[in-house]
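**Student:** Got a structure here, written out as structure tokens. Questions coming.
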Amino acid sequence: DLAGAGQRWSRAQLRLRIVDARQLNPDTIMPAYHRTESLTRVAPAVAGMPLLGAQQVEDVVAYLVTLK
């Protein structure tokens, strides 16, 4: 549930959760949206490519901080 995400976490914490949530919870099923190294089960056609670019990550963070 994303309701209240902007109150629960800082911009930096939200960014880390999007970029690579496993740094906070190694057992999470949330994908790493910007990390490209040490990933498993990645299709060869998209290997080395992040799911979200840097600006897209910042756009998502900007939205999430508005959810109070």
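The values are calculated or read from the model by the stated rules, or taken from the named source; none is laboratory data. Quick caveat, the model's predicted, so the values are computed rather than measured. Glycine gets a Cβ as well: all are built from the backbone with ideal geometry, and neighbour counts include every protein chain shown. Only protein heavy atoms, including side chains, enter the accessible area calculation; ligands, DNA and RNA are left aside. Shrake-Rupley method; radii C 1.70, N 1.55, O 1.52, S 1.80 Å.
**Student:** Put Thr40, Thr66 in order of accessible area, largest first, 1.4 Å probe: what do you get?
**Tutor:** Result, largest first: Thr40, Thr66.
**Student:** If you take every residue apart from Ala62 with its C-beta less than 13 Å away from the C-beta of Ala62, what net charge results, scoring Lys and Arg +1 and Asp and Glu -1?
**Tutor:** 0
**Student:** Could you check the simple spin-label distance between His34 and Ala62, using points 7 Å along Cα→Cβ, in nm with one decimal?
**Tutor:** Placing both labels 7 Å along Cα→Cβ, they lie 1.4 nm apart.
**Student:** Another one. Using Cα-Cα distances under 8 Å and only pairs 6 or more residues apart, what relative contact order does the chain have, in percent?
**Tutor:** 47
**Student:** Follow-up question, since we're still on this one. What is the sum of charges, Lys and Arg at +1 and Asp and Glu at -1, for the other residues whose Cβ falls under 13 Å from the Cβ of Ala5?
**Tutor:** That works out to +4.
**Student:** Leaving ligands, DNA and RNA out of it, work out the accessible area of Val60 with a 1.4 Å probe and give it in Å² to the nearest 10.
**Tutor:** Accessible area of Val60: about 50 Å².
**Student:** Right, next: With a 1.4 Å probe and all protein chains left in place, how much of the accessible area of the chain comes from carbon and sulfur atoms, in whole percent?
**Tutor:** That share works out to 56 percent.
**Student:** Between Asp1 and Ala54, 0.36 nm times their residue separation minus their Cα-Cα distance comes to what?
**Tutor:** Value of the extension gain: 16.7 nm.
**Student:** Now for a different question. Give the Rg (one decimal place) followed by the Dmax (whole number) of the chain, computed from C-alpha coordinates and expressed in Å.
**Tutor:** Computed over the Cα atoms of the chain, radius of gyration and Dmax are 12.7, 39 Å.
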